[in-house]
Amino acid sequence: MSFRLGLRRAESSSLGKAMAQELNSSAPATATATAATVTSTSTTKKSLWPSALRWIPTSTDHIISAEKRLLSLVNLCLSVNWEITVVLCARFNTRTPYTQELVDIGSGPPGSKVRWFRSASNESRFINTITFDSKQDSPTLVMVHGYAASQGFFFKNFDTLAKHFRVIAIDQLGWGASSRPDFTCTSTEETEAWFVDSFEEWRKAKNLSNFVLLGHSFGGYIASKYALKHPEHVQHLILVGPAGFTSETEHKSERLTKFQATWKGAVLNHLWESNFTPMKVVRGLGPFGPNLVRKYTSARFGEGEGLAEQESALLTDYVYHTLAAKASGELCLKHIFSFGAFARSPLLQRSSEWKVPTTFIYGFQDWMDYKGAEAARKNMNVPCEIIRVPQAGHFVFLDNAKGFHSSVLHACRRFLSPDMANYPLEEGVISV
């Protein structure tokens, strides 16, 4: 959740030209009748400011365009139909074609007087979804991103996993290219319902059941809460560096306690409780926001396997647009976690209620402590395995993609082959 600084060269000239063309254009990429359902936040007015000092426009169109460029790295194809219908993938020279759609989840839970966004609007909301072609009868794997992220963060994993699963990845409500309603939740319970209930409406719209549910970080917290409420739909739960298994009262370190007692700690705690998010910094920096994001992605994802120059540039472009868009889901932070990322409603306290077999995956250098999973496992009455991946931190699927893929296939081996020995863990990956 923090922005760490570093430096890497920017885009290649061809990519730079493509980005410049888009960023200098404030109109949406497609001019169709769907402007009524997908609202662009960019402006069409001419600016008197020099180009170097202009705010860079962003919108749902910009996010999906950046997503398309990022996913082109894995030789996949995309065709976006802005009328919110089934999207057909044009087959070029690709390995794993996929479809992209905005799935209508309505305006709130059926029969409920409370809407997703706690407002009086009857406007339908949409979940951005990509689905990859797969072999017939392949198990379904649904992938849910973490905080300050979107489904495109899994770009290095889709092609490999699509060989074994019907892979579906989503942007959670309020993130990425999904709808971004005004966030007016005022409690932990309301905030959890925002994400869990909108996911359930998405599942109904997609007519899914009996799927493997994978969640990263905050997405792991939401996936866990969903599996606790709707265990009948989840075959297996994969939690990748999940947040929410530790509580402030039980796991707060002495170091953090001392830091909070300092004036710096007091200021940061106040900002946290005021819902001041990293995304507000990116927006506030205006034309300098992309450079901050570039420094962050270069520093953070230069670890482990690292990213190639083009990968880094495309990811930076994508991340910038997802972070700079309208604040919505990001405002969940203070309601779900206290300062230090401790869950206000810790999953550890509900581990005895677990009904779905679960696999935890952590990088060796993950700042999320796997000992929270060990403590939860002691209370679980279902199969539970904890896997640790070397040369990887919190974003294990980017830091060590091969080790991550090995862990996922191993976790799902009973769905993939009659002989479960066919999916051993990669060398160096351990089960604890």
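Annotations for the structure displayed:
- Given (1) modelled with pLDDT under 85; (2) open to solvent by 30 Å² or more (accessible area, probe 1.4 Å); (3) closer than 30 Å to Asp61 by Cα; (4) not small (Gly, Ala, Ser), number of the condition Leu292 does not satisfy: (1)
- Within region 202-226, the only residue that satisfies the criterion of being of a type in the set (S, T, N, Q) and assigned to a helix (DSSP H, G or I) is Ser224.
- Within region 209-227, tally of residues that are over 15 Å from the mean Cα position of the chain (by Cα) and modelled with pLDDT of 95 or more: 5
- Boolean, Val382 is within 30 Å of Lys135 (Cβ to Cβ), part of a helix (DSSP H, G or I) and β-branched (Val, Ile, Thr): no
- The one condition in (1) hydroxyl-bearing (Ser, Thr, Tyr); (2) more than 28 Å from Gln235 (Cβ to Cβ); (3) surrounded by fewer than 24 Cβ atoms within 10 Å (Cβ to Cβ) that Tyr320 fails to fulfil: (3)
- Verdict on Phe415 being of a type in the set (Phe, Trp, Tyr), surrounded by fewer than 22 Cβ atoms within 10 Å (Cβ to Cβ) and touching a strand residue (DSSP E or B) at 6+ places or on another chain (Cβ under 9 Å): yes
- Contact annotation: residue pairs with Cβ atoms under 9 Å, 6 or more positions apart or on different chains, pairing a residue in region 89-106 that is at pLDDT below 50 with a partner that is in a strand (DSSP E or B) and open to solvent by less than 40 Å² (accessible area, probe 1.4 Å), are Cys89/Tyr98; Cys89/Thr99; Cys89/Gln100.
Each row is one residue, and each column tells you yes or no for (1) open to solvent by 10 Å² or more (accessible area, probe 1.4 Å); (2) part of a helix (DSSP H, G or I).
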{"residue": "Thr160", "(1), (2)": "yes, yes"}
{"residue": "Ile168", "(1), (2)": "no, no"}
{"residue": "Gly174", "(1), (2)": "no, no"}
{"residue": "Ser178", "(1), (2)": "no, no"}
{"residue": "Glu192", "(1), (2)": "yes, yes"}
{"residue": "Phe195", "(1), (2)": "no, yes"}
{"residue": "Glu200", "(1), (2)": "yes, yes"}
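- Residue satisfying condition, being crowded, with 16+ Cβ neighbours inside 10 Å, at pLDDT below 95 and either under 21 Å from Lys378 (Cβ atoms) or over 13 Å from the mean Cα position of the chain (by Cα) (or both), within set His251, His230, His236: His251
- Residue in region 298-312 that is open to solvent by 20 Å² or more (accessible area, probe 1.4 Å), at pLDDT 90 or above and of a type in the set (D, E, K, R) present: no
- Which listed residue, of Pro390, Pro383, is open to solvent by 40 Å² or more (accessible area, probe 1.4 Å), within 20 Å of Tyr423 (Cβ to Cβ) and either modelled with pLDDT of 95 or more or more than 21 Å from the chain's Cα centre (by Cα) (or both): Pro383
- You will find that of Phe132, Phe199, the residue that is closer than 28 Å to Glu232 by Cβ and modelled with pLDDT under 95 is Phe132 and no other.
- When Lys402 is tested against (1) under 20 Å from the mean Cα position of the chain (by Cα); (2) open to solvent by less than 70 Å² (accessible area, probe 1.4 Å), exactly one condition is not met: (2).
The values are calculated or read from the model by the stated rules, or taken from the named source; none is laboratory data. Being a predicted model, the structure only gives us computed values, none of them experimental. Counting neighbours? That spans all protein chains shown, and the Cβs are built from the backbone with ideal geometry, glycine included. Just so you know, the surface numbers come from the protein's heavy atoms only, side chains and all, with ligands and any DNA or RNA stripped out. Shrake-Rupley method; radii C 1.70, N 1.55, O 1.52, S 1.80 Å.
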